[in-house]
1. What does the charge add up to near ALA55, with Lys and Arg as +1, Asp and Glu as -1, over the other residues with Cβ less than 14 Å from its Cβ?
2. Report, to two decimal places, the Cα Rg of the range 23-163 normalised by 2.2 N^0.38 Å (N = number of residues).
3. May I ask you to compute the full-extension gain from LYS71 to LEU231, defined as 0.36 nm times their residue separation minus their alpha-carbon distance, rounded to one decimal in nm?
4. Which of rounded, prolate, oblate describes the range 72-119, given a ≥ b ≥ c as roots of the alpha-carbon gyration tensor eigenvalues and a/c under 1.5 marking rounded, otherwise prolate only if a/b is larger than b/c?
5. How far is it, in nm, from the label point at VAL60 to the one at GLN24 when both lie 7 Å from their Cα along the line to the Cβ?
6. Tell me the relative contact order for the chain as a rounded percent, counting alpha carbon contacts under 8 Å between residues six or more apart.
7. For the chain, find the longest principal axis of its Cα atoms and tell me its angle to the long axis of helix 109-123, 0 to 90°, nearest 10.
8. If you fit an axis through the alpha-carbon atoms of helix 175-190 and take the longest principal axis of the Cα set of the chain, what angle between them do you get, 0 to 90°, nearest 10?
Amino acid sequence: MEEVVRSIVVTSVIDAVVDDLKSQVLATELGPGTALTEADVAARYDIARSTAKAAIERLVAEKVLVRKNHKTARVVQLGPEDVRDIYRTRAYLESEVLRRLAERRSVPVEARVANAEIDALWQQGEWDIVDPDMRFHTALIDSLGSARTSSVYGSLAFEVKLCMAQLQGSQRLSPEIIIAEHARLADLIEAGDANGAATLLDEHLSRARELLAGSLGGEPGPEAYRPSSALIPVP
């Protein structure tokens, strides 16, 4: 019997291409609606068309790119209702996790470290805090110790980071508010106040959600303009 030679694509190359293209999307070097063909990607990275195709398919599956009716894949363009759906889905998941962590009175060190990094950047006048902001929330999710919960949250991660990058790039949401609300969330969890943590999380996420919806052409809801309760001294 004639031996069949099977062709394979090196996964690490695909991973590297996918990660680099994601970083370019987050940095808006590849703006919303930008077309990416197999030929473009192959030429950009000097890789085989089959590798470029696999990378594009991964990016489509992870909602970094969209492709309709077998047409050219394009960088996702989020609208106001997309943002609201992403943030509400995020809130449902995070709220339950915070309640569970409050039962344990447990806050991971990684969350405190991430918030301290945001504070340090803010002291330098830096608004680009997407990565440590996301690490704060991801640390809380991961500390629950549920691989499936972390996986579900991870599936939202890129869309959330893209939302945050668009909002913080407009400098409409001060890192001062983010830092204060993160610190208060951690304190409420350690105090075992599940309801308080869930309520503050809703305030934290809904403000960002409506500010972002407004920046993308929607009509922002009243949550966008509510002052942060975390900046009001606790009696």
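Where a number appears in this text, it was derived from the coordinates with a stated rule and is not lab data. Here the structure is a predicted model, which means the values were calculated and not measured. So basically every Cβ, Gly included, is an ideal-geometry build from the backbone, and we count neighbours across all protein chains shown.
1. -2
2. Taking N as the residue count of the range 23-163, the ratio is 1.23.
3. Gain on extension, LYS71 to LEU231, equals 52.7 nm.
4. oblate
5. Calculated label separation equals 1.8 nm.
6. 21 percent
7. Taking the Cα atoms of the chain, the angle to 109-123 is about 90 degrees.
8. Once rounded, the angle reads 70 degrees.
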